[in-house]
Amino acid sequence: MLKNFIKIAWRNLLKNKVYSSINILGLAFGMAVAILIGLWLLDELTYNNYHTRHKNLAQVMVTQTFNGQTGTGPAIAIPLGAELHNKYPQYFKNITLTSWNQGFILGAGDKKISQSGMWVQPAFPGMLGLHMVKGNVDALKDQLSIMISQSVATALFGDADPMNKTVRLSNKTDFKVAGVFEDIPQNSTFYNTHVFLAWDKYLTTENWLNGAQTQWENHSFQMFVEKTDKANFDVMTGRLQGITRAYAKDGDEHTVFHPMDRWRLYSNFVNGKVAGGRISYVWMFGIIGIFVLLLACINFMNLSTARSEKRAKEVGIRKAIGSVRQQLIVQFLSESVIMAFLAFVFSIVIVLCFLPFFNQMADKQMHIPFLNVWFWLILLVFVAFTGVVSGSYPAFYLSGFNAVKVLKGTFRAGKFSALPRKIMVVLQFTISIALIIGTIIVFRQIQFAKNRPVGYTRAGLITVMMNTPDLFGHYDAIRSDLINTGTVENMAESSSPTTGTWSNQIGFDWAGKDPSSTPLFGTIAVTPDFGKTIGWHVLQGRDFSRDFKSDSTALLINESAVKLIGFKKPVGQLIKFDGKQYTITGVIENMIMDSPYVPTMPTVFFLNPGWSNVITIKIKPTVAFPAALEKIGGVFKHYNPSSPFDYKFTDQDYAEKFSDEERIGKLASFFAVLAIFISSLGLFGLASFVAEQRTKEIGIRKVLGASVGSLWGMLSKEFVILVLISCVIAIPLAWYYLYGWLKGYQYHTDISWWIFLVACAGAILITLLTVSVQAIKAAVANPVSSLRSE
């Protein structure tokens, strides 16, 4: 029986090559999209699962209220670790302090490389469950030990055994390699961490670090905890949230234990509580995947039911010779499953072709797990399900034909037989139009943020980190040598790059300040040439100058700081900060140094070379970058011979702020194009069927004098009306979802009427182009041929 079903199904496929090809191609692309999105969802949902103890790990975060705004962040004070360990040991297996991920220069012999890493307490590598290639996971109990990734070991030592070899850190301190771990994969928060160093040694590198061990107000570190098996992070947050209140001098602090399993998808906080994050994109793309696959299934249903009259006689004969309806249902379902299996084979080929491009667009390293048995079992179930879903309506519809009417020739599909097909076409284009509108809105939001005034000139700026002691204390000499190369316009040092605010503080005071308020300001130390180098805009007063010795106690503040302080005429006013009295000498335009989607942070700039750790260089606009970089690299090689010349372009660094939104926009546009393609395939098939069905009518109309244009209009009108109905449904649905999405940004674009007009006009144009191929072909055909055959 099964063999017979397969044989008949195969014959039908070969007999109707055009419709079979359209069905298989449509299903293949729908399946390919579903597989690609499935791989993306799997990567997102298993983020950090590489770490074997991920279910028991959390990052300690602190919720604080400043300037009337409540924010939650990972920066904590060192004494919190001892407080948790001493008073609440029942909740924790491990509590570890770490630095932030930072850049290091690693040297071994004549080899020098730049890599990022962290200073951590000894238990941290074990908490992460690092896969050790050599050495032990607890190797950092020795202060002068270093743990490096396998790629770093290869870069420094080649094929030689790296164990117990010496690595010089930032041309300053020698460490012994005590462990080599497998490179952490890309779908981990610690993907860019290649070096682990001992925390106790870190505390000896700077005087302020040693003092920070007792400072509750110094939130400059990270803390990670591993809970006991019976403990619960939500319960711990509820019971321990007030642990820092007794020690916080300013502001109301709450402690939050954020589980590792929620870092990726639930990273947004509102009033100290998780308020979503990337999980919204997981839902969005999951729904898109289902819809795109549904589009392909709808194509199958439409074409199968459209051709139902062609197979009516077959159904009648089968019923007359004893076939029951259940057998016919199995027959038609088997045909759809076979077609789904063929489509699946093509879909795997499509996925293999598109996966490199998709990985680049999504910034991932996904692959098809060919050796995973569960992967194939899930896909086989997926194929069977797709085949049954896409073939269910045709199977039940065709098997219900009345055998007597069919064989007598009195069977008619009925006045409303085309209604289900029309409904499904409307559903297809509703989804496609909504995707087009969504894609336009996402890119408009990105462009809106990009068009915000930045407050400085990014063109020609490069940033160099002061990552070794050799670069400190030579500011004037380095600046002079760089300018003398003829390629550099200016140079300055600062404690933060132009694309980030690395320090913020409270404790500011001024005349008229509310004694109960605890304002928070970004604090950036700069050299006198910083403003001239980056080209910031001074709105009031003057810039820093080497000509004024009094500028050692001068402040420049941005517009947000003026608004927070409340001075109507800020220039000349006094502010107390860090135990010193400062005079405001100028006001600068707000610079976007952090997220372009949030208000600019109140920020003060002051002169303090001792804080500087970033060099910013302005290259002359008339000089070619390769030539300039070669000469600049030569200057740094002179002052910092033990380190490679590493730099970043400021405009590229700034562009990274839009990377997530741009990635989502590209993915959405990719899926929108595929959705339109699949819908157009189905429309092409239906148009060809309608043209074939109305061959006699078209011939008679041509004989009676109908023009090609009128016949084209007659055949196209029905499909255009369906697309217009889709527009009416898609517009309010898209507006509702996208309005909510934009509300998540403090700075966002509006939803203009022309976006809906463009999306609908595009859908109608695609429809006309698709239908016109068959409509014009039918309209220009010789009517004699069609009427003679009738």
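The values are calculated or read from the model by the stated rules, or taken from the named source; none is laboratory data. Owing to the predicted nature of the structure, the values given are computational and were not obtained by experimental measurement. FYI the Cβ positions are ideal-geometry reconstructions off the backbone, even for glycines, and counts take in every protein chain you see. Areas reflect the complete protein model, heavy atoms only, side chains present, ligands, DNA and RNA absent. Shrake-Rupley method; radii C 1.70, N 1.55, O 1.52, S 1.80 Å.
For this structure, a couple of remarks:
- Residue in the range 662-676 that is of a type in the set (Asp, Glu), more than 30 Å from MET424 (Cα to Cα) and modelled with pLDDT of 90 or more present: no
- Filter result for VAL177 (touching a Pro at 6+ places or on another chain (Cβ under 9 Å), open to solvent by less than 80 Å² (accessible area, probe 1.4 Å) and either within 23 Å of ASN467 (Cβ to Cβ) or not hydrophobic (A, V, I, L, M, F, W, C) (or both)): yes
- Looking across the range 495-504, just one residue is open to solvent by 40 Å² or more (accessible area, probe 1.4 Å) and either closer than 28 Å to THR173 by Cα or modelled with pLDDT of 90 or more (or both), and that is TRP502.
- Residue in the range 482-494 that is surrounded by fewer than 20 Cβ atoms within 10 Å (Cβ to Cβ) and part of a helix (DSSP H, G or I) present: yes
- A search for C-beta distances below 6 Å between a residue of the range 577-600 that is farther than 23 Å from PRO453 by Cα and any residue that is of a type in the set (S, T, N, Q) and in a loop (DSSP other than H, G, I, E, B), counting only pairs 6+ apart in sequence or on different chains, returns ILE584/GLN573.
- Filter result for THR166 (among the β-branched types (Val, Ile, Thr), open to solvent by less than 10 Å² (accessible area, probe 1.4 Å) and out of contact with any Pro (no Cβ under 7 Å at 6 or more places or on another chain)): no
- Residues of the range 104-113 that are on the phi < 0 side of the Ramachandran plot and open to solvent by 50 Å² or more (accessible area, probe 1.4 Å): ASP110, LYS111, LYS112.
- The residue that is modelled with the highest pLDDT, among those in the range 189-228 that are of a type in the set (Gly, Ala, Ser) and buried (at least 18 other Cβ atoms within 10 Å of the Cβ), is ALA198.
- Checked against the criteria, THR499 counts as under 30 Å from PRO599 (Cβ atoms) and among the β-branched types (Val, Ile, Thr).
- For the range 518-542, a residue qualifies if it is β-branched (Val, Ile, Thr) and part of a strand (DSSP E or B), and the qualifying residues are THR523, ILE524, VAL526, VAL538.
- Filtering the range 341-367 to residues that are in contact with a His (Cβ under 9 Å, 6 or more places away or on another chain) and either touching a residue at least 60 places away in the same chain (Cβ under 8 Å) or open to solvent by 80 Å² or more (accessible area, probe 1.4 Å) (or both) leaves only LEU355.
- Taken residue by residue, the range 471-489 has no member that is farther than 21 Å from PRO626 by Cβ, in contact with a His (Cβ under 7 Å, 6 or more places away or on another chain) and either touching a residue at least 60 places away in the same chain (Cβ under 8 Å) or among the charged types (D, E, K, R) (or both).
- Residues located in the range 368-382, provided they are of a type outside the set (A, V, I, L, M) and loosely packed, with under 12 Cβ neighbours inside 10 Å: PHE370, ASN372, TRP374
- Hey, SER726 part of a helix (DSSP H, G or I), modelled with pLDDT of 80 or more and either crowded, with 21+ Cβ neighbours inside 10 Å or in contact with a His (Cβ under 7 Å, 6 or more places away or on another chain) (or both) or not: yes
- Looking only at residues in the range 51-68 that are at pLDDT below 90 and outside any strand (DSSP E or B), the one that is least open to solvent (accessible area, probe 1.4 Å) is ASN67.
- ILE95 vs. criteria of a type in the set (A, V, I, L, M, F, W, C), open to solvent by 20 Å² or more (accessible area, probe 1.4 Å) and at pLDDT 95 or above: yes
- Cβ pairs under 7 Å, 6+ apart, first in the range 312-332 and within 23 Å of ALA384 (Cβ to Cβ) and open to solvent by 70 Å² or more (accessible area, probe 1.4 Å), second modelled with pLDDT of 70 or more and charged (D, E, K, R): none
- Scope the range 229-252; condition open to solvent by less than 10 Å² (accessible area, probe 1.4 Å) and out of contact with any Leu (no Cβ under 9 Å at 6 or more places or on another chain); matching residues: MET236
- Tally of residues being more than 16 Å from TRP753 (Cβ to Cβ) and out of contact with any helix residue (DSSP H, G or I) (no Cβ under 9 Å at 6 or more places or on another chain) across the range 722-738: 0
- Subset of the range 730-745 (residues that are open to solvent by less than 70 Å² (accessible area, probe 1.4 Å), assigned to a helix (DSSP H, G or I) and in contact (Cβ under 8 Å) with a residue 24 or more places away in the chain): ALA730, ILE731, ALA734, LEU738, TRP741, LEU742
- Checked against the criterion of being over 30 Å from PRO641 (Cβ atoms), assigned to a loop (DSSP other than H, G, I, E, B), of a type outside the set (S, T, N, Q) and in contact with a Ser or Thr (Cβ under 7 Å, 6 or more places away or on another chain), the range 435-452 contains not a single residue that satisfies it.
- Residues considered: GLY507, GLY531, GLY473. Of these, the only one that is surrounded by fewer than 17 Cβ atoms within 10 Å (Cβ to Cβ) and closer than 15 Å to PRO609 by Cα is GLY473.
- Any chance SER669 is of a type in the set (Gly, Ala, Ser) and within 33 Å of the chain's Cα centre (by Cα): yes
- Residue list for the range 253-272, restricted to those being more than 26 Å from SER517 (Cα to Cα) and surrounded by fewer than 16 Cβ atoms within 10 Å (Cβ to Cβ): SER267
- Residue in the range 259-284 that is modelled with the highest pLDDT, counting only those that are β-branched (Val, Ile, Thr) and within 18 Å of GLY73 (Cβ to Cβ): VAL274
- Count of residues meeting criterion [touching a residue at least 24 places away in the same chain (Cβ under 8 Å) and over 30 Å from PHE645 (Cα atoms)] in the range 88-114: 9
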